[in-house]
């Protein structure tokens, strides 16, 4: 029997009004603007762009405001908005060696061409709450020191140093490679190649990827890594419009990149070499790209003939669960009315109980 | 052969100013437009349209390409009365900016080129370079200057 359930409309409309009021908070406090969010909560915006998989600071800031700071909800909003836009082009691969570097460090080499550039990082702060930020008069207009000269233009990757000596597996494009897999157009497929895995990880949930990366460090799929290099800055995005037939820049995007150097592989034919794990993400998302590089390496188990026995090495487990829009959707769907299903379960358990009690009474009688 | 070299050079020159226009702010283009001695009329070949570009990276930075994520982009194409067409593609969703960038791209292919180059493109390019330099110099100020501690030979 189908029972139509009605009567929720008024409640839903009023709940929209209530969320609008709740989001606004105490009206004696000035309303926050999306511009303020974009400028002053920049790392939240960066995460939403990375996992929402659209680089647009204004849209991401709007999503953060609308979602009241719930970043997973904001990511969902951005993904939903995406479906309203046509795809106009595909870019040439960004060249991270030509980055306008704002931060670049290596834990493998002390002296690297271009130097160790700390940039804007919380790494060396004391992690003590800074009550100056809460002061009535605010922080004013802090100004960072300006170096005498800019950094070297075009900073080579640290991995190139090892590559030059042949001590790390080479990373060169395969001329015969097919068009990169695109998760926004094709369903997940297995076995997954590295292009599909990297796209999935780049937009995957930071918490999930972080926990998986952590698990590999704790022995659930050891990767023995060194942070060969971490860098963050602007790269230009180039497209070749059909009507022009030559490449043009459409602007710059901030990206974070991590090269992990991992322990050796080798065979009778191949000399022992370091292996690579790679992380790349929109925005300033260092924790994310480090974790991504760990998981990328773990997922290459098949390629290196390693037994894939731990969760981080299991590509179906990782790829199917990394997306927080899908994950949140499936967990959240449990909130939807399941009244009829539950009635069926109730009927079943009552019947089982009746049978159990009847059996017990019968046993007691005998 | 000669011809293809010329085309390549012309394309490179156009790509350079299109890159400058794509990175310009709307205010810069709007003020350049309003101070133009003669503002030409133009037709829309393609009204400003906002869409997405799929941005690619490379595995390991140098290997096979993969899809990193998308970015918003707005494009526009215009035609001047003499038939010259101008095109723009600019990151973001600013349709007015895309329109003005397309008009300036068209003007750069006409006899107005020298005037637009010195009055519009060069100042904007200079501002962009100054911004990049400043960002880089602020990063450079955070560069670690290692010194080696040797007993009896500490830095003074």
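Values quoted throughout were computed directly from the atomic coordinates according to the rules given, and no laboratory measurement underlies them. Please read these numbers as outputs of a predicted model, since none were measured by experiment. All Cβ positions, even for glycine, are placed from backbone atoms using ideal geometry, and neighbour counts span all protein chains on display.
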Starting with the fewest neighbours, write out A:12, A:168, A:161 ranked by other beta-carbon atoms found within 10 Å of each beta-carbon.
A:12, A:161, A:168
Can you grab the distance from the C-alpha centre of the stretch A:103-140 to the C-alpha centre of the stretch A:51-76, Å, no decimals?
25 Å
Can you tell me the 0 to 90 degree angle between the C-alpha axis of helix B:95-107 and the longest principal axis of chain B, rounded to 10?
70 degrees
Scoring chain B by relative contact order with C-alpha pairs under 8 Å, at least six apart, yields a percentage of 21 percent
Among B:94, B:131, B:105, which one shows the highest mean-square fluctuation when chain B is modelled as a Gaussian network with alpha-carbon springs under 10 Å?
B:131
Return the distance in nm (one decimal) between the two label points of a simple spin-label model at residue B:96 and residue A:316, each offset 7 Å from Cα along Cα→Cβ.
5.5 nm
Simple label model, 7 Å out from Cα along Cβ direction - residue B:49 to residue A:134, nm
5.3 nm
Hey, with R₀ at 35 Å, roughly what FRET efficiency would residue A:246 and residue A:185 work out to, going by the Cβ-Cβ distance, to 0.05?
0.85
Helix-derived [θ] at 222 nm for the protein assembly as shown: sum -39500 (n - 2.57) over DSSP H runs of at least 4, divide by residue count, nearest 500?
-12500 deg cm²/dmol
Determine the shape class of the stretch B:30-143: with a ≥ b ≥ c the square roots of the Cα gyration tensor eigenvalues, call it rounded for a/c under 1.5, and otherwise prolate if a/b is greater than b/c, oblate otherwise.
oblate
Apply 1/(1 + (r/R0)^6) to the Cβ-Cβ distance of residue A:107 and residue A:211, taking R0 = 22 Å, and write down the FRET efficiency to the nearest 0.05.
0.55
For the stretch A:1-117, what ratio Rg/Rh do Cα atoms give with a Kirkwood hydrodynamic radius?
1.17
Only Cα pairs within less than 10 Å get springs; with that Gaussian network setup on chain B, which residue of B:97, B:143, B:135 has the largest fluctuation?
B:143
Once normalised by the length of chain A, the mean sequence separation of its alpha carbon contacts under 8 Å that are 6 or more apart gives a contact order in percent of 16 percent
Suppose R0 equals 51 Å; then what is the FRET efficiency for residue B:114 and residue A:39 from their Cβ-Cβ distance, rounded to the nearest 0.05?
0.85
Distance from the stretch A:166-229 to the stretch A:322-350 (C-alpha centre basis), Å:
32 Å
Between helix A:286-298 and chain A: long-axis angle, C-alpha atoms, 0 to 90°, nearest 10
80 degrees
Nearest 10, in degrees from 0 to 90: the angle of helix A:71-82 to the longest Cα principal axis of chain A is 80 degrees
Order of B:16, A:218 - criterion: other Cβ atoms within 10 Å of each residue's Cβ, fewest first
A:218, B:16
If you take the square roots of the eigenvalues of the alpha-carbon gyration tensor of chain A and sort them as a ≥ b ≥ c, do you get rounded (a/c under 1.5), prolate (a/b over b/c) or oblate?
oblate
Taking a ≥ b ≥ c as the square roots of the eigenvalues of the Cα gyration tensor, with a/c under 1.5 meaning rounded and otherwise prolate when a/b exceeds b/c and oblate if not, the stretch A:190-335 is oblate
Using Cα-Cα distances under 8 Å and only pairs 6 or more residues apart, what relative contact order does the stretch A:9-82 have, in percent?
27 percent
Order of A:124, A:55, A:320, A:164 from fewest to most other C-beta atoms within 10 Å?
A:124, A:164, A:320, A:55
Which of these, A:142, A:187, A:170, has the largest mean-square fluctuation under a Gaussian network model of chain A (Cα springs below 10 Å)?
A:142
